[in-house]
Every structure is written in C-alpha cells, then in structure tokens.
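The block underneath contains the structure these notes are about, expressed in structure tokens.
The values are calculated or read from the model by the stated rules, or taken from the named source; none is laboratory data. Worth saying up front: this structure is predicted, and the values here are computed from it rather than measured. Note that we place each Cβ from the backbone using ideal geometry, even for glycine, and neighbour counts take in every protein chain shown.
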Amino acid sequence: VTLQDIINLIKEDDVKDLTKKLVNIPSTYSDGEYEICQFLYEELNSLGFSSKIIEVQNNRPNLVSEFSGGSEDFTFMFNGHLDVVPPGNLDLWEHDPYDCFEMDSKLYGRGTTDMKGGLAAMIIAMKALISSNNEFNGTIIFTGVMDEERTGLGAKTIVDSGIQADACVVGEPSNGKVCRAQKGTMWFDINTKGISKHASQITLDDSENAIYKMSKIIPALHELNNTLFQKKHDLVGHSTINIGKIYGGVQENIVPDHCKISIDLRLLPDDNPNQIIDDVVDHLKRSGIDSDDFEINIKHVRESAIIPETELIVSKTCEAIEFVKGTKSQISGMHATTDMSFFTNIAKIPTVILGPGKIEDAHTVNESIDILELYDMTKIYTALLHSLFK
Ligand SMILES: [Zn+2]
C-alpha cells in the first residue's frame, strides 16, 4: 500500500463531520473539557489506542492516548488543546457557534480554526494510517490538553508528568507554514502609590496622587513600542507591549492612593523575562520616572520557543507539505503563544506548530475554517505519520 493509496482513502466528509461533532461540544473554561475528552477517548480507543482521562481541575481533564506497533522505539506526539475561547456576544454570530454550519466551502462555529479542525485532522490522519495494511512501527501519543487559552496548565501538567517523545506537532492554525519558533507572553502589573486625602487639600507637586504618577508612566511605555518594533526576529517579527487594563481611585473628592495598569508584553525567542523587566525599568528611568515611584509585579510568563532548522521534525513536516501540495513549504514562526514552549523548553521534545487555518480567524465572531485547508492538512498529517513510521 503506497502513501498515495492511503491518502486516497481519506474522504473530505470524514474530516468535515468530525470537525462538526467537536465544534458542537462546547468546551470553554466554564463548560470544562470533560465532555470533549470523553468523546475523543471513545473515538481513539475504537482505533486501538489506549487512553487515560486525567483530571487537572474539577471537570477539566487532559486526554493522553497511546498507540504502539512493531519493534521501533520511535515516539511521535500529536498535541492539541481541547478548550475554546467563549463566543462573546451571541447576537453578533450569524449562526449558533455550537451548531457547526457549512457555507461557501467553509465551516463556521467556535473552534473551527482554533483548534477543533486541527484535532479532527490529526484523528482522521491517525485513523488512515492505522487502518491501512502497512506495518506500523513505533508509538504515537495523542495529547489533548485543557486550558491552553488561558494558562497552558494542561500542557504543563503533561510535561511535569515526565512524558517523552522524539518529535511533536502542535496543531494550532499555522496558515500552511511550519513554525519552528513562537513568541512568549509575559503579563505584569505596574503599581503606583499615593496618599489618600480630601480633594480640596492637594499640594502642587502632585506627589500624593497615584493616578498623576501613573500618567507619566503610560506615555513612556507607549514610546517603548518604538524600541521593541526595531528589534526584529527573522521568524516571529518584533516584540510588543500593550497596556490592557487600568484601575485606580475611589471617587472624585478623594486623592487616589493607588493606581495599577496591567500589561501584556510579547517575548522573542531567547528573550529572558527578567532581563526584559530590567529593560522596562531602565527605560522608565531614562524617561525621568523615579524607580521609587512604581512597583512591578510579574503575574504570568509563557515562554517563547525555538528549535533548530536541522531537526528531523522540521524536514519531515516540510516534505509532507511538499508531497501533498506539490509546492515548496515555508518555515516560519508563530506570533501567538502556544503550548509549544512546554514541550521544547521543559520536556526537550523537538516540536513544530503546524495546523489547518489561519491565526487571524481564531477567537473571532463567526469563526470559520476553509474546508479545503482542513482536508489538505489531514493529508499532510497522514504523509508525515507515514514517513515517520514506515
Ligand atoms: Zn489555539
């Protein structure tokens, strides 16, 4: 049986129908991932996988499934997240986000692109390979993880459990490209303090007003984007800083004693988060802001990641794309942050991001995926598995 024979057995309807079923199971952080875990558990076990549903938080499990054959000890991991972001204002959706709808060669619904389409493509590809008569030599691990959209806790739990593989593909939407790098994300707060008093009693130097103090920091941070935009990475572009939230004060006639801004800063591969914070402090100092006037509190870091172009998984994914599409593949980097960093940085598993759809379509109202892209990626995954396990 040749690879082309196996690919010819994959029907567009198979991957479309599975995507629809997965989209129709809501799995935001408030719904939890239990129901979709259970669905995939049954789906994969019917292919001969042995699966475990591992509760990470209440009603919020990971799925770890494994299939082995032959005598080779080569292990490959497919990873995808089970959660989706909430649909937001339902009035803005043209159709029910959880009743996957087909129109103009696209599937519409929450998670079609990010990333239930990717999960469906992985499963149909594994099914195609396993049910072909080719002798299967090695181990495939499928990890479906919870809470990627907020913290990455699911993937972190998986790598903390000691999981190992020789290569991994994270199936996030990569616009047809092989991403061997991704940006990281750091969230931190800047706090300023003042002295609460009657609004009629202010002094002219404003040293008691926490909001006035903050109002000097904000334009300085805005200006920092100019510096960040100049430092460009070949694969992922430049870093950014965004003030996403501001809090402060009690009411009109009280001098505010506290103000806080919450900031998102995107890290480039090889950026050290602590060094970046030192750079922010230096920049504020150079802008004439006294370091005693503010306090920085790092809340959350999801690291950036990069693997060498010479890794096997890079050449194998590129070859699979070229086999299916007949065109040259492109190696790039992901501007968003995914679970890739847990696999590369902690578990040291060479990992790329490759999945159907475009990141621009993720998290949108009327989220959709192009059916042809979904179908092509299913074939690409099949070609990849075939070349890894032949
Ligand atoms: Zn995603």
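When you scan the stretch 20-35, how many residues do you find that are assigned to a helix (DSSP H, G or I) and within 19 Å of PHE101 (Cβ to Cβ)?
As a first pass, look at the stretch 20-35 and keep what is assigned to a helix (DSSP H, G or I): 20-23, 34-35.
Adding the requirement that they be within 19 Å of PHE101 (Cβ to Cβ) leaves 20-23.
Number of matching residues: 4.
Go through the stretch 49-70 and give me each residue that's in a loop (DSSP other than H, G, I, E, B) and at pLDDT 95 or above.
To start, the set of residues in the stretch 49-70 that are in a loop (DSSP other than H, G, I, E, B) comprises 49, 58-59, 70.
PHE49, ASN58, ASN59 - these are the residues of the stretch 49-70 that are in a loop (DSSP other than H, G, I, E, B) and at pLDDT 95 or above.
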**OP:** Tally the residues that are in contact with a helix residue (DSSP H, G or I) (Cβ under 7 Å, 6 or more places away or on another chain), within 13 Å of the ligand (Cβ to nearest atom) and of a type in the set (A, V, I, L, M, F, W, C), restricting the search to the stretch 168-192.
**Re:** 1
**OP:** Consider only pairs whose beta carbons are under 6 Å apart and that are at least six residues apart or on different chains; among these, list those whose first residue lies in the stretch 78-104 and is closer than 30 Å to PRO350 by Cα and within 16 Å of the ligand (Cβ to nearest atom) and whose second residue is of a type in the set (Val, Ile, Thr) and outside any loop (DSSP other than H, G, I, E, B).
**Re:** PHE78/VAL169; ASN79/THR143; ASN79/VAL170; HIS81/VAL145; LEU82/ILE36
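Residue by residue through the stretch 88-119, note down the ones that are more than 15 Å from the chain's Cα centre (by Cα) and crowded, with 21+ Cβ neighbours inside 10 Å.
First pass over the stretch 88-119, keeping only residues more than 15 Å from the chain's Cα centre (by Cα): 88-110.
Of everything in the stretch 88-119, those that are more than 15 Å from the chain's Cα centre (by Cα) and crowded, with 21+ Cβ neighbours inside 10 Å turn out to be PRO97, CYS100, LEU107, TYR108, GLY109, ARG110.
Mind telling me which of the residues VAL236, VAL250 ends up being touching a residue at least 12 places away in the same chain (Cβ under 8 Å) and out of contact with any strand residue (DSSP E or B) (no Cβ under 7 Å at 6 or more places or on another chain)? Spell out the reasoning first.
Details: VAL236 fails: out of contact with any strand residue (DSSP E or B) (no Cβ under 7 Å at 6 or more places or on another chain).
Only one candidate qualifies: VAL250.
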**OP:** Please specify each residue of the stretch 99-141 satisfying the condition of being under 28 Å from MET186 (Cα atoms) and of a type in the set (A, V, I, L, M, F, W, C).
**Re:** MET115, LEU119
Subject >> Filter pass, ASN137 being modelled with pLDDT under 95, of a type in the set (S, T, N, Q) and closer than 28 Å to LYS316 by Cα >> reply: yes
Original post:
Of the residues that make up the stretch 354-365, is at least one more than 22 Å from MET334 (Cα to Cα) and either more than 16 Å from the ligand (Cβ to nearest atom) or buried (at least 24 other Cβ atoms within 10 Å of the Cβ) (or both)?
Top reply: no
Subject >> Tally of residues being part of a loop (DSSP other than H, G, I, E, B), in contact with a Pro (Cβ under 8 Å, 6 or more places away or on another chain) and either closer than 30 Å to SER262 by Cα or within 16 Å of the ligand (Cβ to nearest atom) (or both) across the stretch 304-351 >> reply: 1
Subject >> the stretch 133-149, subset buried (at least 19 other Cβ atoms within 10 Å of the Cβ) and of a type in the set (S, T, N, Q), residue farthest from the ligand (Cβ to nearest atom) >> reply: THR139
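Give the residues of the stretch 200-255 that are assigned to a helix (DSSP H, G or I), in contact with a Phe, Trp or Tyr (Cβ under 9 Å, 6 or more places away or on another chain) and among the β-branched types (Val, Ile, Thr), sorted by residue number. Let's see the steps before the verdict.
Step one: list which residues in the stretch 200-255 are assigned to a helix (DSSP H, G or I), which gives 200-201, 210-230.
From the residues that got through so far, the ones that are in contact with a Phe, Trp or Tyr (Cβ under 9 Å, 6 or more places away or on another chain) too are 213-214, 217.
Passing the criteria: only ILE217.
Is it fair to say TYR381 is away from the ligand (no atom under 15 Å from the Cβ) and surrounded by 24 or more Cβ atoms within 10 Å (Cβ to Cβ)? Outline the logic, then answer.
Values: away from the ligand (no atom under 15 Å from the Cβ): yes; surrounded by 24 or more Cβ atoms within 10 Å (Cβ to Cβ): yes.
Considered against the rule, which asks whether it is away from the ligand (no atom under 15 Å from the Cβ) and surrounded by 24 or more Cβ atoms within 10 Å (Cβ to Cβ), TYR381 comes out as yes.
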**OP:** From ASP271, ASP292, ASP278, ASP282, grab the single residue that is part of a loop (DSSP other than H, G, I, E, B) and among the charged types (D, E, K, R).
**Re:** ASP271
**OP:** Show the residue pairs that are 6+ apart or on different chains and have beta-carbon atoms under 6 Å apart, the first residue being within the stretch 338-349 and within 12 Å of ARG302 (Cα to Cα), the second being within 15 Å of the ligand (Cβ to nearest atom) and in a loop (DSSP other than H, G, I, E, B).
**Re:** THR338/GLU172; ASP339/GLU148; ASP339/GLY152
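Which residue, of THR337, THR310, THR327, is in contact with a Gly (Cβ under 8 Å, 6 or more places away or on another chain), among the hydroxyl-bearing types (Ser, Thr, Tyr) and surrounded by fewer than 24 Cβ atoms within 10 Å (Cβ to Cβ)?
Numbers: THR310 fails: in contact with a Gly (Cβ under 8 Å, 6 or more places away or on another chain); THR327 fails: in contact with a Gly (Cβ under 8 Å, 6 or more places away or on another chain).
Testing whether each residue is in contact with a Gly (Cβ under 8 Å, 6 or more places away or on another chain), among the hydroxyl-bearing types (Ser, Thr, Tyr) and surrounded by fewer than 24 Cβ atoms within 10 Å (Cβ to Cβ) leaves just THR337.
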**OP:** Keeping to the stretch 150-167, report how many residues are surrounded by fewer than 23 Cβ atoms within 10 Å (Cβ to Cβ) and within 14 Å of the ligand (Cβ to nearest atom).
**Re:** 2
Subject >> Which numbered condition PRO350 fails, given (1) of a type outside the set (D, E, K, R); (2) surrounded by 20 or more Cβ atoms within 10 Å (Cβ to Cβ); (3) touching a helix residue (DSSP H, G or I) at 6+ places or on another chain (Cβ under 9 Å) >> reply: (2)
Original post:
When you go through SER304, SER315 one by one, which is the residue that is free of Cβ contacts under 8 Å to residues at least 40 places away in the same chain and either surrounded by 15 or more Cβ atoms within 10 Å (Cβ to Cβ) or closer than 26 Å to ALA210 by Cβ (or both)?
Top reply: SER315
